[in-house]
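Q: Provided herewith is a single structure, encoded as structure tokens, for subsequent inquiry.
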Amino acid sequence: MAAKPGIPKGTRDFSPVEMAKRNYIFNTIRDVYHLYGFQQIETPSMEMLSTLMGKYGEEGDKLLFKIQNSGDYFSGITDEELLSRNAAKLASKFCEKGLRYDLTVPFARYVVMHRDEITFPFKRYQIQPVWRADRPQKGRYREFYQCDADVVGSDSLLNEVELMQIVDTVFTRFGIRVCIKINNRKILTGIAEIIGEADKIVDITVAIDKLDKIGLENVNKELAEKGISDEAIAKLQPIILLSGTNAEKLATLKTVLSGSETGLKGVEESEFILNTLQTMGLKNEIELDLTLARGLNYYTGAIFEVKALDVQIGSITGGGRYDNLTGVFGMAGVSGVGISFGADRIFDVLNQLELYPKEAVNGTQLLFINFGEKEAAFSMGILAKARAAGIRAEIFPDAAKMKKQMSYANVKNIPFVAIVGENEMNEGKAMLKNMESGEQQMVTAEELIGVLTK
């Protein structure tokens, strides 16, 4: 007996109804991106590992899916190397390519390779799947879509402001209440300086980024394990637990970070973004959150994260400013800032809150019942006119029993059924049945179109 098929953990199949919902998400985000002048590109699913490695920090590198070389991948490897069982070293010999971890690094590579064709500032968006060898859990998948927008070639903080407006607009359209959290890596660098641990900035940011997940006690434990002194950890506590309004937090930070030029620059940038957004009338809350660190090494300025307020789930959007990402590909001096919507998590939130509009998930609007060749031929004429008018319509392909055809309409939630028999053909009409109310009426093709396009 054949083995029962399965799919890898952390991946999912999507039914037609689920795909309709996903397309609603993608189309909503795409429409908002277009409003702000972003243009779409695509990059390959796989990249050279040399492109990907070293861009996501040590933890990120471990989560890269590596693709085994084709052909004789043992050639050039000694018996000693094989027997060493050094997985990382062997992977570097066996694998030249990997599945992309995000869309930002491939975008940086794209900018460098196509610099002569690009007009700067370059505003691009990209909606494609990414892969991470993470431990699957609720809201965390190994294959998922990101919906990115980035601006490169401009230092202006107006880009950060517009990206936050995009976030606010998208979630307002979805009907999801969110909190937009903002911080700045320069502030975090300043904090590391004033507590006397400037060289441990990466360890500090990686640890405090986990505050929501593991709690303060475990964050402090991780900081200690990374060699950060007890005195420095004690100084860090009131800073990362700072409360009050955004204006109060900024005022406190100006005092606390007065001895750090970098830290004060981060405060200044955050103040501009928050003050400008305050005049824009955002529909959602925006909060300065010093525990937001986003563990990716390439962020250098403002960083963002979005949390849904009515569902327990991880961040559903994130991003930030990266001043030196293209530099690792030999193109220095190109600043960028971007956001990424987590489409799969948004899908789960919309499902839990039942926020999909009815028209977004409805498929076929009209089904013609098939009684035989003559009736089908007559129905096809009306069907063609209905489709030309933009009505999603189909005909049951076989002259099956009426009960089977009506059951098909019910299962697919088709709201209208057209019945064409001898009487209807004689009058040049169809019997249109509303499947919800049960109401029936004899209609011409034009009248049918009128009913369905109301």
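Q: Using a cut-off of 22 Å between alpha-carbon atoms, which lysines can reach LYS210, once sequence neighbours fewer than 8 places away in the same chain are excluded?
A: Within the straight-line limit of under 22 Å, LYS210 reaches these lysines: LYS55, LYS62, LYS138, LYS181, LYS186, LYS200, LYS221, LYS226, LYS235, LYS249, LYS307.
Q: Counting only heavy atoms of protein chains, what accessible area per residue, in Å², does segment 364-451 have with a probe of 1.4 Å?
A: 54
Q: Moving to a separate point now. Report the local net charge at MET402: Lys and Arg +1, Asp and Glu -1, summed over other residues whose C-beta lies under 13 Å from its C-beta.
A: Residues close to MET402 contribute a combined charge of +2.
Q: Per DSSP H run of n ≥ 4, the term is -39500 (n - 2.57); total these for the chain, divide by its residue number, and report the mean residue ellipticity at 222 nm rounded to 500 deg cm²/dmol.
A: My calculation for the chain gives -13000 deg cm²/dmol from helical runs alone.
Q: Continuing with this model, one more query. Accessible area per residue, 1.4 Å probe, Å², for segment 237-325: what's the number?
A: Here the per-residue accessible area is 43 Å².
Q: Please report the carbon-and-sulfur percent of the accessible area for the chain; probe 1.4 Å, protein heavy atoms only, DNA, RNA and ligands left out.
A: For the chain, the apolar C and S fraction of the accessible surface comes to 51 percent.
Q: By how many nm would the segment from LYS221 to GLU373 lengthen if fully extended, with 0.36 nm per residue of separation less the alpha-carbon distance?
A: 47.1 nm
Q: THR119: accessible area at probe 1.4 Å, nearest 10 Å²?
A: About 110 Å², rounded to the nearest 10.
Q: A further question follows. Heavy-atom accessible area of MET280 with all protein chains present, probe 1.4 Å, nearest 10 Å²?
A: Only protein atoms counted, so the area is about 90 Å².
Q: Just report the Cα centroid separation between segment 249-310 and segment 343-362, whole Å.
A: That distance is 30 Å.
Q: With each pseudo-label sitting 7 Å past Cα toward Cβ, what's the LYS283-VAL202 distance in nm, one decimal?
A: Those two pseudo-labels are separated by 4.1 nm.
Q: Just by accessible area at a 1.4 angstrom probe, what is the order of LEU211, LEU355 from largest to smallest?
A: So, going from the largest accessible area down, we get LEU355, LEU211.
Q: Another question, then. For the pair ASN351 and THR276, how long in nm is the line joining their label points, each one 7 Å along Cα→Cβ?
A: Between ASN351 and THR276, the label points sit 3.8 nm apart.
Q: Then there's this: Starting from the Cα gyration tensor of segment 389-441, take the square roots of the eigenvalues, sort them a ≥ b ≥ c, and report rounded, prolate or oblate (rounded when a/c is under 1.5, otherwise prolate if a/b is larger than b/c, else oblate).
A: rounded
Q: Further question: Working with all protein chains in place, sort LYS249, LYS21, LYS66, LYS385 by solvent-accessible area computed with a 1.4 Å probe, largest first.
A: Descending accessible area places them as LYS385, LYS66, LYS21, LYS249.
The values are calculated or read from the model by the stated rules, or taken from the named source; none is laboratory data. Small disclaimer: the values here were computed from a predicted structure and weren't measured. Cβ: placed from backbone, ideal geometry, glycine included. Neighbour counts: every protein chain shown. Ligands, DNA and RNA are excluded from the accessible area calculation, which covers all protein heavy atoms including side chains. Shrake-Rupley method; radii C 1.70, N 1.55, O 1.52, S 1.80 Å.
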